[in-house]
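Data first, discussion second: the structure below is written as structure tokens.
The values are calculated or read from the model by the stated rules, or taken from the named source; none is laboratory data. In this text the structure is predicted, and so the values were computed from the model without any measurement. No Cβ is skipped: glycine too gets one built from the backbone with ideal geometry, and neighbour counts run over all protein chains shown. We work out accessible area using only protein heavy atoms, side chains counted, and drop any ligands, DNA or RNA first. Shrake-Rupley method; radii C 1.70, N 1.55, O 1.52, S 1.80 Å.
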Amino acid sequence: MDYGYFNENKEQLENHLYCAGTVYDSFEALLEVLGKLKLEQPLYLVYLAQKIFAQEVLNAAQNCNITHDFPYKNIELKQEYHHSVN
């Protein structure tokens, strides 16, 4: 396995992961504050924004066309299963 490509881009990957993590942490902090203030509609909207952000980050990572060997396997996401009780 060739890890050269990974090692060359390690710093850039760390920066992207740091930025994505910081944004996600900001969502968490905002959700906590809105929850304590009991602002339901803004809380719901921020939750949706957080979920969409996370999905977009994962989609971008999955759609990345890496032609070199990468030391990690791709993570396969399973579709959410919603069971309604009647």
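Residue check: E76 meets all listed conditions (1) surrounded by 11 or more Cβ atoms within 10 Å (Cβ to Cβ); (2) modelled with pLDDT under 90 but one, namely (1).
Filtered by the rule that a residue be open to solvent by 70 Å² or more (accessible area, probe 1.4 Å) and under 17 Å from the mean Cα position of the chain (by Cα), segment 27-44 gives E28, L30.
Just one residue in the set Y18, Y5, Y47 is part of a helix (DSSP H, G or I), modelled with pLDDT under 90, surrounded by 11 or more Cβ atoms within 10 Å (Cβ to Cβ) and out of contact with any Cys (no Cβ under 6 Å at 6 or more places or on another chain); that residue is Y5. In segment 55-66, is there at least one residue being at pLDDT below 65, within 20 Å of the chain's Cα centre (by Cα), within 26 Å of N9 (Cβ to Cβ) and open to solvent by less than 80 Å² (accessible area, probe 1.4 Å)? So far as segment 55-66 goes, yes, one or more of its residues are at pLDDT below 65, within 20 Å of the chain's Cα centre (by Cα), within 26 Å of N9 (Cβ to Cβ) and open to solvent by less than 80 Å² (accessible area, probe 1.4 Å).
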